[in-house]
Amino acid sequence: MQRFEAYLQANLPNVETFHPHYNDALSAMLKAGGKRFRPMLLLSVVEAYEPLLFESALAPALALELLHTYSLIHDDLPAMDDAPLRRGFETLHVTYDDATAVLIGDALNTEAFYHLSMAALRDDIKIKLVELLARDGGTYGMVLGQSIDLQFENTPLTLEQVKVLHTNKTAKLIATSLLMGAVIVGLDKAKQEALYAFGIDLGLLFQIQDDIIDETHTEEEAGKTTGNDGDKNSFVNLIGLERTIEEAEVLAKHLEYEFSKFDEVLQNGLRDIINKYLYRHR
């Protein structure tokens, strides 16, 4: 991931302007770090099958990180989760103000598609990547999930409804990270569908693990505001910590089985990242 990190640092948004802090605000949450989970998934698929396309895949990988970062900035706003801490740093609305955080989120959202459009890939591939990122990062995925999450605060949902919520809010963008890698290297339809389905389950596990971390870790350990889900439809609030850990274990075992069905090339490409995150709730 050093190559991705170097690419990100070299491609931080920077604008000629007399605005006193516009550029600092644009890059603050990107430079603050993070797991880079979504770019890693895309790049791992590309590296596994077509390492010569790795450099061309850096722009789509950055697009994923830009879109994800915009969502975090907006999630943390007082109108949504009202969180003061993200990635171990003050959130943008705390450092500056609400309007700055809204506008920087808007900017990073559109910046993601700017980088996709400029990628050194065939036009038909780029159009497909735009379609996938817009679909799962927007109206039909992440934005829908966040809207459900906010609408039903203080209103308990069923377990299946909570899974639908988090499939949209979190899992679809993780799944589309794998799918975008598959599109870049030209995997057949069946492999694309298998990777996307795996990504949905992986994203759901990722969210369940986040709920466990929110319940069991301090803000310093997690690097973000914790204990802030009291009114939310989290797995822990719905079924308790013990059952949530059991759900995570069952889903992790299922993912291990599904992973074993992938071809050897893909297993070798994804093994390190999958192993790192499969049981992070322990």
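The values are calculated or read from the model by the stated rules, or taken from the named source; none is laboratory data. These figures come from a predicted structure and were not determined experimentally. In this analysis, Cβ positions are derived from the backbone assuming ideal geometry, glycine residues included, and neighbour counts consider all displayed protein chains.
A few remarks follow.
- Within segment 1-55, the set of residues being free of Cβ contacts under 8 Å to residues at least 24 places away in the same chain, outside any loop (DSSP other than H, G, I, E, B) and among the aliphatic types (A, V, I, L, M) comprises Ala6, Ala10, Leu52.
- Pick from segment 107-119, criterion surrounded by fewer than 17 Cβ atoms within 10 Å (Cβ to Cβ) and touching a helix residue (DSSP H, G or I) at 6+ places or on another chain (Cβ under 7 Å), ranking: nearest to Gln151 (Cα to Cα): Ser117
- Take the conditions (1) free of Cβ contacts under 8 Å to residues at least 40 places away in the same chain; (2) surrounded by 23 or more Cβ atoms within 10 Å (Cβ to Cβ); (3) of a type in the set (Gly, Ala, Ser); Ala79 misses just one of them, which is (2).
- Taking the conditions (1) of a type in the set (A, V, I, L, M); (2) part of a loop (DSSP other than H, G, I, E, B); (3) within 15 Å of His68 (Cα to Cα) in turn, Leu157 satisfies each one other than (3).
- Residue pairs meeting the criteria (Cβ under 6 Å; at least 6 apart or on separate chains; first touching a residue at least 60 places away in the same chain (Cβ under 8 Å) and closer than 15 Å to Phe37 by Cβ, in segment 192-212; second of a type in the set (D, E, K, R) and not in a helix (DSSP H, G or I)): Gln209/Arg280
- Meets criteria (buried (at least 23 other Cβ atoms within 10 Å of the Cβ) and under 25 Å from Phe206 (Cβ atoms)) for Val46: yes
- Residue satisfying all of: in segment 137-154; assigned to a loop (DSSP other than H, G, I, E, B) and within 21 Å of the chain's Cα centre (by Cα); surrounded by the most Cβ atoms within 10 Å (Cβ to Cβ) among these: Gly141
For (1) more than 24 Å from Leu53 (Cα to Cα); (2) at pLDDT 95 or above; (3) among the hydrophobic types (A, V, I, L, M, F, W, C), each residue gets a yes or a no:
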| residue | (1), (2), (3) |
| --- | --- |
| Arg87 | yes, no, no |
| Glu90 | yes, yes, no |
| Val94 | yes, yes, yes |
| Thr100 | yes, yes, no |
| Gly105 | yes, yes, no |
| Leu108 | yes, yes, yes |
| Leu116 | no, yes, yes |
| Lys126 | no, yes, no |
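- Helices (runs of 4 or more DSSP H) lying entirely in segment 183-282 (those with 2 or more residues that are under 21 Å from the mean Cα position of the chain (by Cα), over 25 Å from Gln161 (Cβ atoms) and at pLDDT below 95): 219-222, 264-278
- Residue satisfying condition, being assigned to a helix (DSSP H, G or I), surrounded by 21 or more Cβ atoms within 10 Å (Cβ to Cβ) and out of contact with any Gly (no Cβ under 7 Å at 6 or more places or on another chain), within set Ile127, Ile104, Ile73: Ile104
- Residue within segment 89-105 that is in contact (Cβ under 8 Å) with a residue 24 or more places away in the chain and of a type in the set (D, E, K, R) present: no
- Ala79 being in a loop (DSSP other than H, G, I, E, B), at pLDDT 95 or above and of a type in the set (A, V, I, L, M): yes
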